[in-house]
Every structure is written in C-alpha cells, then in structure tokens.
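So the structure is just underneath, and the comments pick up after that.
No lab work stands behind these numbers, since they all come straight from the coordinates. Quick caveat: nothing in here was measured; it's all calculated off a predicted structure. As a convention, Cβ positions derive from the backbone with ideal geometry for all residues, glycine included, and neighbour counts pool all protein chains shown.
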Amino acid sequence: MDERRTVKVSKYLSKHLRHQPERIGLTLDAQGWVPIDDLLNAAARHHFPISRAELDHVVAANDKQRFAVADDRIRASQGHTVAVDLGLPPAEPPPYLYHGTVGRALDAIRVEGLRPMNRTHVHLSPDRETATRVGARRGRPVVLSVDAAGMHRAGHTFWVSANGVWLTDAVPAEFLRLPG
C-alpha cells in the first residue's frame, strides 16, 4: 500500500470513527466501537472502498496507534468529538506531562489553561519529543510542561489511552509552565 493511500485511509477512518460516524451511516457503541464489516460496507457505499488488508495495514502502520481493533471491531483510541466513554480506568500520571501547541495560542492558554475545545479531553504527551511533533502540525511548535502530579493531588483525573496519550478534562493555567 503506498504512503498516500495509507494517509488517505487513515484520515478517512479518523473522520468517521472520531467525528462524523453518522455521515456514512455508522453508529458507534457507547465505547466508540463499530463492527469492522459495518465500517467497510459503509465506506464502500459512500464511494471510498477500503479492503480489510488496507484497514489492517493502516491500523498496524500508524505511528501514533490512532486505532484499536478487538473482536472484529474497531475504534479510534482517543480524540473524539462525539460522545463516547472509552472505558479507561483513572491512572496516576507521571510528575510531568507535555502539550504541544503554537505561539499564537499562548495568550488564551495563559488565561484559560488548556481546554478540550471541540474534543472530549485535553491530550497530553508523556515526553517533549511527542509534544513537539504534535505542536508542529499547526506551525512552529511550543511545548508546555504540565504539573500532572500537582493536578492529580488537587483531585484532577487522568486516563491513559492504549497508545500512550494522556487524557484529562482540562488543565488549569496554574498547573502549566509556559515559555517566556
């Protein structure tokens, strides 16, 4: 499978497993799962046929492990804008987590902290390198340090997805270390 097709299928899956399942007639269960056959049939009906081999390749090759497969079902690992309960148990975070963003967002972040925006959770990275790659998707990256241990002691809940992305409802500004 060539790289362009891999990216195209990955973006298609993200769109329909995270944001707009109804657009192609899918119904996610409460935890975000959908039968793989339903997904493949819906994609074909909407003029974007995906073979099972292509799907398996995209799931296995995705460097961020955006998708999970179990019992002939598939779901996005996190990043949903539709309501789902990923069923993740609360987890004790490491002392610090990181968030990649861009400079133009810093003024709002200083005032409001990190909010999930249109997603269900704020996404945090376990290391600076990953946060840098995340921030670079939208311009010159800025990496923020999050006092995750302090948040946890203050009663904030964290979850960690199967692909190692840390999730929380919001990060108040007082738990952020911003540049400058």
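Excluding R23 itself, what net charge comes from residues whose Cβ is under 13 Å from its Cβ, given Lys and Arg +1 and Asp and Glu -1?
Numbers: positive: K15, R18, R45; negative: E22.
Charge balance in the 13 Å sphere: +2.
Along the three principal axes, how long is the range 96-177 when you take its alpha carbons, biggest first, rounded to the nearest angstrom?
Result for the range 96-177: principal-axis Cα extents of 33, 30, 23 Å.
Just going by the charge dipole of the range 96-177, with Lys and Arg at +1 and Asp and Glu at -1 on Cβ, which of W166, H156, A105 is farthest out on the positive end?
A105
Restricting to DSSP loop positions (anything but H, G, I, E, B) with no more than 15 other Cβ atoms inside 10 Å of their own Cβ, which trypsin sites (Lys or Arg not before Pro) remain in the range 131-177?
Details: sites: R133, R137, R138, R153, R177; in loops: R137, R138.
Loop-located and lightly packed - R137, R138.
With runs of 4+ DSSP H residues as the only contributors, calculate the mean residue ellipticity of the chain at 222 nm using -39,500 (n - 2.57) per run, divided by the residue total and rounded to the nearest 500.
-8500 deg cm²/dmol
Which of these values of Kirkwood radius over Cα pairs in Å was calculated from the structure shown: [x] 18.8; [y] 17.3; [z] 16.6?
Computed from these coordinates, Kirkwood radius over Cα pairs in Å corresponds to label [y].
How long is the gain from T132 to L178 if the chain were fully straight, where each residue apart is worth 0.36 nm and the alpha carbon distance is subtracted? Please report the intermediate quantities before stating the final value.
Working: separation 46, 0.36 × 46 = 16.56 nm, distance 1.39 nm.
Contour length minus the Cα-Cα distance gives 15.2 nm.
Rounded to the nearest 0.05, what FRET efficiency do D71 and V7 give with R0 = 35 Å and r taken as the Cβ-Cβ distance? Could you check? Before the final figure, lay out each step's value.
Details: r = 27 Å, r/R0 = 0.77.
Given R0 = 35 Å and the Cβ-Cβ separation, E is 0.85.
Under 8 Å for C-alpha pairs, at least 6 residues apart: give me the relative contact order for the range 96-177, rounded to a whole percent.
Details: 155 pairs, mean separation 34.5, N = 82.
It comes to 42 percent, rounded to a whole number.
Between beta-carbons, use under 14 Å as the cut-off and find the net charge around D72, counting Lys and Arg +1, Asp and Glu -1. Don't skip to the end; give the middle numbers.
Details: positive: R52, R73, R75; negative: D29, D37, D38, D56, D71.
Overall, the nearby charge balance is -2.
Rounded to the nearest 0.05, what FRET efficiency is calculated for R119 and D29 with R0 set to 25 Å and r the Cβ-Cβ distance? Intermediate values should be presented prior to the final figure.
Numbers: r = 19 Å, r/R0 = 0.76.
Working from the Cβ atoms, E equals 0.85.
Could you list D169, D72 in order of exposure, starting from the residue whose Cβ has the fewest other Cβ atoms within 10 Å? Each step should come with its number before you reach the end.
On the way: D169 14, D72 10.
Least crowded to most crowded, the residues run D72, D169.
Near G164, within a Cβ-to-Cβ distance under 11 Å, what is the net charge of the other residues, with Lys and Arg +1 and Asp and Glu -1? Kindly include the intermediate steps, with their values, before the conclusion.
Values: positive: K64; negative: D127.
Result for the neighbourhood of G164: 0.
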